[in-house]
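Quick notes on the structure that follows.
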Amino acid sequence: MNMPISSAAELSLPAAGTYVIDPAASTVRFATRALGLLPVHGTFGISQGRITIAETPEASSVDVEMNAASFASGVQRRDDHVRSSDFLDVERHPTIQFRGQSLDQSAQGASLRGELTVCGVTKPVVVAIGSMVGEGKRITANGTATIDRYAFGVSKAKGMAARRLKITLDIVAGR
């Protein structure tokens, strides 16, 4: 799902190299709606990941793995249902993976093009980068993407649960 590229992106790429994502300091948040009206917010936990800054920034990459069972919205009954075979089917698909393969920069901002795998289905996704700052051996970055759950075969509860989720990433990585 393509997102508009932020015009206010702050991009200060760190030195070339591989940076390991700190799962405890990083967050993956989502926002969606239930019954078309009620806001639903929550998080996914990052299991592991790395950011590789290439000598040519456009060749940089990101690999992130999230624990599908870490889905948390604050309502246990809903969380259990989303983890079930009706939605994420965490027994058969324990991870959600993102592989970013192309960093695009323009006067309008920056975006990371990649592929997201949910429930064994892989689709292209564009993350609009809000900021990326390199501070010595540390990177902090944030971005957003909109995910169409139907594209990944997660289509139960049509009309009850929204089709799209807004994902917000706040990432911290170090060498």
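The values are calculated or read from the model by the stated rules, or taken from the named source; none is laboratory data. On a predicted model such as this, the values are computed, not experimentally measured, just so you know. Positions of Cβ are backbone-derived with ideal geometry, glycine not excepted, and every protein chain shown enters the neighbour counts. Note: areas computed on protein heavy atoms with side chains; ligands, DNA, RNA excluded. Shrake-Rupley method; radii C 1.70, N 1.55, O 1.52, S 1.80 Å.
Of note:
- Fully extending the segment from A24 to M160, taken as 0.36 nm per residue of separation minus the present Cα-Cα distance, adds 45.7 nm.
- Segment A31..R113, full-extension length gain: 27.4 nm, with 0.36 nm per residue of separation and the alpha-carbon distance subtracted.
- With the biggest extent put first, the Cα atoms of the chain measure 45, 29, 25 Å across the principal axes.
- For the range 36-117, the set of trypsin sites (Lys or Arg not before Pro) satisfying both a DSSP loop assignment and a count of at most 15 other C-beta atoms within 10 Å is given as R92.
- Student exercise, the range 48-108 dipole from Lys, Arg, Asp, Glu Cβ charges, in Debye to nearest 20: 200
- 1.4 Å probe accessible area per residue over the chain, in Å²: 52
- Looking at the range 42-90, the GluC sites (Glu not before Pro) that sit in a DSSP loop and have at most 15 other Cβ atoms within 10 Å of their own Cβ are E55.
- Taking every Cα-Cα distance in the range 78-128 and sorting them into 5 Å bins from zero, the calculated P(r) comes out as 5, 20, 20, 16, 13, 11, 7, 6, 2 percent.
- Isotropically averaged projected area of the range 94-152, using the convex hull of Cα atoms (one quarter of hull area), nm²: 5.1
- Phi-based couplings in Hz for the range 148-154 (Karplus 6.51, -1.76, 1.60; Gly and Pro marked x): 9, 5, 4, 4, 9, x, 9
- Intensity falloff of the range 16-109 expressed as log10 I(q)/I(0), Debye formula with alpha-carbon point scatterers, at q = 0.13, 0.18, 0.21, 0.23 Å⁻¹: -0.59, -0.91, -1.04, -1.13
- Between N67 and T43, the modelled labels are 1.2 nm apart [label points 7 Å from Cα along Cα→Cβ].
- Long-range HN-HN contacts of D89 with modeled amide H, under 5 Å: S84
- Surface share of carbon and sulfur [accessible, 1.4 angstrom probe, percent] for the range 1-137: 53
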